[in-house]
Amino acid sequence: MRFLIFFSGAAILALGAEGMRVLGRQDGLAFLQGALTLGGGFIICGLFSLKMKWQGITGTGVLALLGTARGLFNIPDLSRFLTGERERGAAPVMEFGVTLVCLFLLLRVLGSLHRERVRRMLEEE
């Protein structure tokens, strides 16, 4: 699980760096700032999970939930991009990529927390 947290953070940081190259200066800087914030948060949660495993994983889940929720608001821009309106350039596709990373990570964290809960319940009996 920790590898996935670090890998997701690095993937989002890489998307932010690519956004600087692909998007215009203003849009690229805005996308880079968001990617640094979210990807850096994942890496910090990954580092935190090295000392306190479940607190770091739970923090990752919260960040992934926030990233997924924010990404859902970008779905209308993606649909306009797919129909040919490209006034924002490739930004909707890159934002959708970040949303998919966050959604995948959120589902993995929820599964991991569920398995741990079941393990602890069985351990009590």
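The values are calculated or read from the model by the stated rules, or taken from the named source; none is laboratory data. Predicted model, so just to flag it, every value in this text is computed and none were measured. Here the Cβ positions follow ideal geometry from the backbone for every residue, glycine too, while neighbour counts run over all protein chains shown. In case anyone asks, the SASA skips ligands and DNA or RNA and just uses the protein heavy atoms, side chains included. Shrake-Rupley method; radii C 1.70, N 1.55, O 1.52, S 1.80 Å.
Before anything else, pin down the relative contact order of the chain: Cα pairs under 8 Å, at least 6 apart, normalised by residue count, whole percent. Please report the intermediate quantities before stating the final value.
Working: 128 pairs, mean separation 33.1, N = 125.
Rounded, it is 26 percent for the chain.
From the C-alpha gyration tensor of the stretch 41-106, pull out the three semi-axes of the equivalent ellipsoid (sqrt of 5λ each), sorted largest to smallest, in whole Å.
Numbers: eigenvalues 189, 18, 9 Å².
Equivalent ellipsoid semi-axes, largest first: 31, 10, 7 Å.
Against the longest principal axis of the chain, how steep is helix 2-22, in degrees 0 to 90 to the nearest 10, with axes from Cα atoms?
For helix 2-22, the angle is close to 10 degrees.
Working from the alpha-carbon coordinates of the chain, get Rg over Rh, Rh being the Kirkwood radius.
Working: Rg = 16.5 Å, Rh = 15.3 Å.
Here the Rg-to-Rh quotient is 1.08.
Can you give me the accessible area per residue for the stretch 39-85, using a 1.4 Å probe, in Å²? Write down the numbers at each step before the final one.
Details: 2730 Å² over 47 residues.
Result: 58 Å² per residue.
Need one number for the stretch 1-52: average projected area of the convex hull over its C-alpha atoms, nm². Please list the in-between numbers first.
Working: hull surface 12.2 nm².
The directionally averaged projection comes out at 3.0 nm².
On C-alpha positions alone, give me the angle between the axis of helix 53-72 and the longest principal axis of the chain, in degrees, nearest 10.
Once rounded, the angle reads 30 degrees.
Can you give the convex hull volume of the alpha carbon atoms of the stretch 25-65 per residue, in Å³?
Measuring per residue, one finds 40 Å³ for the Cα hull of the stretch 25-65.
If you average the sequence gap of Cα pairs under 8 Å that are 6 or more apart and divide by the length of the stretch 1-69, what percent do you get for the contact order? Could you put the intermediate results ahead of the total?
Numbers: 70 pairs, mean separation 22.1, N = 69.
Relative CO of the stretch 1-69 lands at 32 percent.
If you place +1 on the Cβ of every Lys and Arg and -1 on the Cβ of every Asp and Glu, how big does the dipole about the Cα centre of the chain come out, in debye to the nearest 20? Display every interim value, and only then the final one.
Numbers: 14 positive and 10 negative charges, 49 e Å.
About 240 debye.
Quick one: net charge of Gly111's neighbours, Cβ under 13 Å, K/R +1, D/E -1? Walk me through the numbers on the way to the answer.
On the way: positive: Arg108, Arg115, Arg117, Arg119; negative: Glu116.
Counting the neighbours of Gly111, the net charge comes to +3.
Return the single residue from Leu36, Leu113, Leu65 with maximal mean-square fluctuation; model: Gaussian network over the chain, springs between Cα atoms under 10 Å.
Leu113
With everything on Cα atoms, drop me the angle between helix 91-124 and the longest principal axis of the chain, reported from 0 to 90° to the nearest 10.
Taking Cα atoms only, the helix is inclined about 10 degrees.
Using just the helices of the chain, give the 222 nm mean residue ellipticity in deg cm²/dmol: DSSP H runs with n ≥ 4 each add -39,500 (n - 2.57), and the total is spread over all residues, rounded to 500.
Details: 5 runs with 110 residues, N = 125.
Computed ellipticity for the chain at 222 nm equals -30500 deg cm²/dmol.
In whole percent, how big is the carbon plus sulfur part of the accessible area of the stretch 1-45, probe 1.4 Å, protein atoms only? Could you put the intermediate results ahead of the total?
On the way: 1660 of 2480 Å².
Summing carbon and sulfur atoms, their accessible area is 67 percent of the total for the stretch 1-45.
For the charge dipole of the chain, defined by +1 on Lys and Arg C-beta atoms and -1 on Asp and Glu C-beta atoms about the Cα centroid, which residue among Gly24, Phe73, Thr37 has the Cα displaced farthest towards the positive pole?
Thr37
Lys and Arg at +1, Asp and Glu at -1: add these up for the other residues within a Cβ distance under 13 Å of Ser79 and post the number.
Details: positive: Arg80, Arg86, Arg88; negative: Asp77, Glu85, Glu95.
Spelling it out: positives minus negatives among the neighbours equals 0.
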